[in-house]
1. Summing Lys, Arg as +1 and Asp, Glu as -1, what charge do residues with Cβ under 15 Å from the Cβ of R428 carry, R428 excluded?
2. What's the Cα-based Rg to Rh of region 368-453, Rh via Kirkwood?
3. To the nearest 10 Å², what's R277's accessible area with a 1.4 Å probe?
4. Excluding Q291 itself, what net charge comes from residues whose Cβ is under 10 Å from its Cβ, given Lys and Arg +1 and Asp and Glu -1?
5. Keeping all protein chains in position, work out how much accessible area K108 exposes to a 1.4 Å probe, and write it in Å² to the nearest 10.
6. Taking the Cα-to-Cβ direction at Q478 and at E313 and moving 7 Å from each Cα, how far apart do the two end points lie in nm?
7. Can you give the % of DSSP beta bridges in region 351-468 that are antiparallel, to the nearest 5?
8. How charged is the neighbourhood of A146? Take every other residue with its Cβ under 13 Å from the Cβ of A146, and add Lys/Arg as +1 and Asp/Glu as -1.
Amino acid sequence: MNDQFLINFTPQETRVALLQQGAVQELHIERSSARGIVGNIYLGRVVRVLPGMQSAFIDVGLERTAFLHVADIWEARQNGEPPKPIERILTEGQSVLVQALKDPIGTKGARMSTQISIAGRLLVHLPQDRHVGISQRIESTEEREALRARIHALLPLEDPGGYIVRTMAESASDEELAADIAYLRKTWQEIRNRAKTAKPPTLVFEDLTLAQRVLRDLACADTQSIQVDSRENYVKLRSFAEEYMPQLTKLLEHYTGERPLFELHSVEEEIEKALARRVDLKSGGYLIFDQTEAMTTIDVNTGGFVGSRNFDETIFKTNLEAAHQIARHLRLRNLGGIILIDFIDMESEEHRAQVLAELHKALGRDHTKISVSGFTSLGLVEMTRKRTRESLAHVLCEPCPTCGGRGEVKTAQTMSFDILRELLREARQFTAREFRILAHPKVVDLFLEEESQALAMLSDFIGKPISLHAESSYSQEQFDIVLL
């Protein structure tokens, strides 16, 4: 695949771009003021238990209380017995060790679990469990059993804990596996020691930085290079790699070119495209992305694409290209939750099946858990993509102060009618010598031209003069009426 990672450092922000075949596929952004908390372990305090919802709210020291469901409580799922109700496990004021499964998103607090997992380079340690699991990406039954036997042979007899063997452990030596086990056990012991002496709410373990997680989680056998544009951080990453994953040190490169690293590889341009509502296709068609709190909808349009053979072929070719771009932009924008895709209607069942197969194939490159339900009775493709952090737009943008996130503003004519109604209301309520309208220049121009007669009629009706003043700093929906 020839994966290439570009790591851009600024004092308060780290940005990582994943390139495949020279095209940007993923963007990860971490700010020092708002680092993600997934993987962090907290000693929290139970604030409230809700038996009706079988959940609890936990104070872990964040802005909003975190959410813990009974399904995520390790004690509730032991020995194959029916899970205990949450009110028999937790009580208000109780201290509890929890790990973040999901970052706070929108108005929702972080989601927590009491089942602790600590990720290493080759293994994931589950200190409360006793079994050894193997990554589903390792498909060979013989290889899976051989790996399981090797791990069991390396584990200490006393308090071995549980482990999940990651894909990259497939080619690891026993020495490398033993080193990872030792590192994970030491980390767990440090967490337990901190939790014994801490007072809730306290952060007892913080996950690695974004740049370090690239080395631990994302770099793989397909990785060609990892370019870093900061000398200081390159040295830190190299030191981290030498200690925990020496095989990656040869991939690390310090970029010293004159042009900014992201500009050189057109990443800045791709970020702008990923924030746009419209995405143009090479064929002349285009996609429209609409993101709401509940779901994301994607509309496919033919645009200016005219097929060489017939209209059905035009639609089919546009939908095929759209399937690839949709899969890429889901990763690029980090869109999650429910996703509805409105492909252009296709008469041929064969064409529908091929478009769906192409979408499945393109989504196969995505590491995030995805479920595609296929075409609904309305001809929409319904799918879900696991959401663990904010989308790119939510990280980089905020609602428009002019329209409040609607994506539309009232027309100048609509505003002129609103102002006339407000003038009449104020004239009945207050006594003034004169009324002055302060509004956007386009609204004032409308009053001087098309709506001048309506303004004059109102002035005659209330028996007071009305003057106008254009405020260029006002938005089109903003106005004031001053009583003189």
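The values are calculated or read from the model by the stated rules, or taken from the named source; none is laboratory data. Here the structure is a predicted model, which is why all the values come from computation and not from measurement. We place every Cβ from the backbone using ideal geometry, glycine too, and count neighbours over all the protein chains shown. To get the accessible areas, we keep the full protein, side chains included, count just its heavy atoms, and leave off ligands, DNA and RNA. Shrake-Rupley method; radii C 1.70, N 1.55, O 1.52, S 1.80 Å.
1. Numbers: positive: R421, R425, K464; negative: E422, E426.
So the surrounding residues net to +1.
2. Result: Rg/Rh = 1.30.
3. 140 Å²
4. Charge balance in the 10 Å sphere: 0.
5. For K108, solvent-accessible area is about 120 Å².
6. 5.5 nm
7. Values: 5 of 8 bridges.
Among the beta bridges of region 351-468, antiparallel pairing accounts for roughly 60 percent.
8. Taking every Cβ under 13 Å from that of A146, the sum is -2.
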